[in-house]
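Q: Have a look at this one.
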Amino acid sequence: MITPAKSLSLTAFFTLLLIAFMMGSNHVAARLAFNDGLDVATAVTVRSFATALVVACMVAWSGLTWRVNAKQGRGLLIVGLLIGTQSQLLYGAVSRLPVALALIAFNTFPIWTALWDRVIYRKTPDKAVLRALPILFVGLFLALDVLGAASGLSASAHAMQVGVGVGLALAAAAVFGVSLVVMQHETAGVDGRVRTAITLGLAGAVALSVVGVHGGPHWPHSSVGWLALGMVVFLYGTAFTIMFTLLPKLGVGNNAAIMNAEPVFALIVAWLVLGQTIAPSQIAGALLVVGTVIWLGFRKR
């Protein structure tokens, strides 16, 4: 039986915008910490373990069970490893690109999700997703300044400058798409808080292993970097806490797509904090991508 989606209240709308703002600001804070010597693996380790601990406390407070069956356990393990990989890739992109552009490229994950659902579970993609593909490609083409027009560079020179970062962001979107598909099909029945605590704990373990390979953690060099790292933990952890404590009570349904305004907030905060700017044509492309993704989330099914 399908429960009708509840209408979006004003409280829910602003709560979703707050989450998008905190998630976007989290990435800006991460870039500030990276500029001060923090490495990606250390950032992901601290952020993941801290948030997993907060959510685990929520699970304990609510008296929820940690017990899962064999199928769910395998699914959670796979999702945890995928989220750990995705976090490394996305923060790697954030460390190399203007924050908003990294998030815009990552925001293609709904398309990747539909693709993986087709490839792995033979699910036919929604026609709306197929119709959105060319619009998303045009938006990305403009936002990422593929031809280098906004940067004043040739297409090849611009590709050399941003190619690695864009590749990491798109790879993060692809991996996140796989994780969402596996989560849906393999971990059904597991409470969202339990699932989040376990997967973020595993993601932290993945990041910790990368820290070990790199010879140990690389911490910020100054108080600015440490403050930024603290903001990463606070913003990411608080956003997740709000999602799993307030949103179920607000009845937002599919309207959670409004959280895809995250790149827009990141663009504004990065301009204010980091002085990062992008050309008007890139802003137009960004709005096209974000608007399309929000439309996909709000569409009637």
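Q: Can you put 262, 186 in order of Cβ neighbours within 10 angstrom, beginning with the fewest?
A: Ascending Cβ contact count within 10 Å gives the list 186, 262.
Q: Further question on the same structure: Counting only Cα, what are the radius of gyration and maximum Cα-Cα distance Dmax of the stretch 27-131, in Å?
A: 17.3, 46
Q: Over the Cα atoms of the stretch 10-298, Rg to Rh with Kirkwood Rh, two decimal places?
A: On the way: Rg = 18.5 Å, Rh = 19.4 Å.
Across the stretch 10-298, the Cα-based Rg/Rh ratio is 0.95.
Q: Here's something else I'd like to know. Suppose every Lys and Arg Cβ carries +1 and every Asp and Glu Cβ carries -1, with no other charges. What dipole size does the stretch 71-140 come out with about its Cα centre, to the nearest 20 debye?
A: Roughly 260 debye, rounded to the nearest 20.
Q: Taking other Cβ within 10 Å of each residue's Cβ, how do 94, 181 sort, fewest first?
A: Ranked by crowding around the Cβ, least crowded first: 181, 94.
Q: Continuing with this model, one more query. Rounded, prolate or oblate, given the Cα gyration tensor of the stretch 11-56, with a/c below 1.5 counting as rounded?
A: Note, shape of the stretch 11-56 comes out oblate.
Any read-out appearing in this document is the output of simple, stated calculations on the displayed coordinates, not a laboratory observation. Because the structure is predicted, anything quoted here is derived from the model rather than measured. Cβ: placed from backbone, ideal geometry, glycine included. Neighbour counts: every protein chain shown.
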